[in-house]
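Laboratory data are not the source of any read-out in this text; all were calculated from the coordinates shown. Since this is a predicted model, take the numbers as computed values, not measurements. Backbone-built Cβ (ideal geometry, glycine too); neighbour counts: all protein chains shown.
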């Protein structure tokens, strides 16, 4: 049951991502902002979609975040962090954001067929391939702070 729900969430995220890619939403604004030691490139698209690329100077980590709006005040937030080592291994976090609150956080580890040698390890074993500073708890707080900053600057 748990794996069925996970697969549904993953396919739903991929569908939303593919839908946005194929429809080619119009870019409304692109800007760079700095939050402490984090450089952020923000792209704002029509249809309540924001795409950001964050570079964390201290840890030299990168985090991609997609905010996909739906309804009056709801967003699905998807993050992606590439592994420091092998290139085709990454971690995603998917959140539902409603009325200023994060709901239903889900962390996933993803890899291509080339990475079958690491399949079947525990989440703790997978986490060693990623920045310790970009843990799920930090990412959850960061995506909310970044969202509020983008909304404030653009309203």
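Stretched out fully, how many nm does the piece from residue 104 to residue 28 gain, at 0.36 nm a residue minus the Cα gap? Could you put the intermediate results ahead of the total?
Numbers: separation 76, 0.36 × 76 = 27.36 nm, distance 2.93 nm.
Gain on stretching residue 104 to residue 28: 24.4 nm.
Based on the Cβ-Cβ distance of residue 154 and residue 57, what FRET efficiency does E = 1/(1 + (r/R0)^6) give at R0 = 25 Å, to the nearest 0.05?
Working: r = 24 Å, r/R0 = 0.96.
After rounding to 0.05, the efficiency reads 0.55.
If you find the alpha carbon centre of the range 132-155 and of the range 51-99, how far apart are they in angstrom?
9
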